[in-house]
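J.: The structure's right below; bear with me while I get my questions together.
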Amino acid sequence: MSAPYDVFWAAPDSRAAWADLPDAVLEAVVRSDAERLEVERSRVAPKVREAMTVPVYSVADRFASWERVVRRMEPGWSSEDFYPISAYGNDLDSRDALGASMRAMPATVREGALGDLLARLDARFHAASVRDPDGSLRPWVRPTKEKPESELGEWWSRKPVLPPWD
């Protein structure tokens, strides 16, 4: 039997934050995840729907994913895993979705430990990237949903100092 999936693999800051979240925050996250699960279940066949018990894109998963992207971009990251440029676009989409999830949470969640964690991760992303006013990555890194550039998060107008893709 295989080990259970560790959502926080290579995301130590997210793991530490989750370990210290108060019950009220965890309850808000559970509610958000339950809503997400219903969205995901609505998009699959009935047989698959019945087997789904947790969302693929949980709040914890989105935090851990964003932390992994940030860590990949920082100096000193070394990993043997494959990370194509297309994954970067998916991760920026995931950051957009994380922002939407956080905006839907109660103020106590947005302004507490999870809000602080997101602000720290965003600051690290900013430090590991530079403005990309010409959109040099846009031919390869595009949002999956059509939106005007003005509606995209600021991460879409930045590029890594040290590109993490292979």
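J.: For R138, project a label point 7 Å along Cα to C-beta. Then give me every residue of the range 149-166 with its amide nitrogen under 16 Å of that point.
T.: In the range 149-166, the label zone of R138 (backbone N under 16 Å from the point 7 Å along Cα→Cβ) covers 149-159.
J.: Another question, if that's okay. In Å, what is the Rg of the alpha-carbon atoms in the range 1-71, and how long is Dmax?
T.: 13.6, 38
J.: If you put +1 on each Lys and Arg Cβ and -1 on each Asp and Glu Cβ, how big is the dipole of the range 98-166 around its Cα centre, in Debye rounded to 20?
T.: Taking the Cα centre of the range 98-166 as origin, the dipole is about 60 debye.
J.: What are the chymotrypsin sites (Phe, Trp or Tyr not before Pro) within the range 71-109 that DSSP puts in a loop, where the Cβ has at most 15 other Cβ atoms within 10 Å?
T.: Those satisfying the criteria are W77, F82.
J.: Note down the magnitude of the dipole of the chain about its Cα centre, charges +1 on Lys and Arg C-beta and -1 on Asp and Glu C-beta and zero elsewhere, to the nearest 20 debye.
T.: With Lys and Arg at +1 and Asp and Glu at -1, about 320 debye.
J.: With springs connecting C-alpha atoms under 10 Å apart, model the chain as a Gaussian network and identify which of V44, V141, V130 has the largest mean-square fluctuation.
T.: Checking each option, the largest mean-square fluctuation is seen for V44.
J.: Are there GluC sites (Glu not before Pro) in the range 103-166 that DSSP marks as loop and that have at most 14 other Cβ atoms within 10 Å, and which are they?
T.: E111, E146
J.: Residue-wise, which Karplus ³J(HN,Hα) couplings in Hz belong to the range 154-163, taking 6.51 cos²θ - 1.76 cosθ + 1.60, θ = phi - 60°, and x for glycine or proline?
T.: 4, 4, 5, 9, 10, 9, x, 5, 10, x
J.: Suppose we keep just the alpha-carbon trace of the range 107-166; what are its Rg and Dmax in angstrom?
T.: 13.7, 40
J.: Continuing with this model, one more query. Using DSSP to define loop residues, name the trypsin sites (Lys or Arg not before Pro) in the range 1-85 whose beta-carbon has at most 13 other beta-carbon atoms within 10 Å.
T.: Those that pass, being in a loop and sparsely packed, are R43.
J.: Using 0.36 nm per residue, how much length does the chain from H126 to A10 gain when fully extended, once their Cα-Cα distance is taken away?
T.: 39.8 nm
J.: Also: Taking the Cα centre of the range 55-142 as the origin, how large is its charge dipole in debye, to the nearest 20, when only Lys and Arg (+1) and Asp and Glu (-1) carry charge on their Cβ atoms?
T.: 160
J.: So which lysines can K159 reach, going by Cα to Cα under 25 Å and dropping same-chain residues fewer than 8 places off?
T.: Cα-Cα hits under 25 Å: K145, K147.
J.: What spacing in nm lies between the two simple spin-label points modelled at E146 and A119, each 7 Å away from Cα in the Cβ direction?
T.: About 3.8 nm, to one decimal.
J.: Next question, about the same structure. Would you please give the residues with an amide H less than 5 Å from that of R158, counting only those at least 5 places away or on a separate chain, with H modeled from the backbone geometry?
T.: Answer set, sorted by chain and number: D132.
J.: When Rg is the radius of gyration of the Cα atoms in the range 37-112 and Rh is its Kirkwood radius, what does Rg/Rh come to?
T.: Taking Rg over the Kirkwood Rh, I get 1.05.
J.: Could you pull the Rg and Dmax for the chain, using just the Cα atoms, both in Å?
T.: 16.5, 50
J.: Expressed as a rounded percentage, what relative contact order does the chain have, with Cα pairs under 8 Å and six or more residues apart?
T.: Relative contact order here is 28 percent.
J.: To continue, here is another question. At 10 °C and 1.306 mPa s, grab the translational diffusion coefficient of the range 38-81 from Stokes-Einstein with a Kirkwood Rh over Cα pairs, rounded to a whole number in µm² per second.
T.: The diffusion coefficient I find is 125 µm²/s.
Computed from the coordinates by the stated procedures, all read-outs in this text should not be read as laboratory data. Here the structure is a predicted model, which is why all the values come from computation and not from measurement. For neighbour counting, all protein chains shown are included, and Cβ atoms are generated from backbone atoms with ideal geometry for every residue, glycine included.
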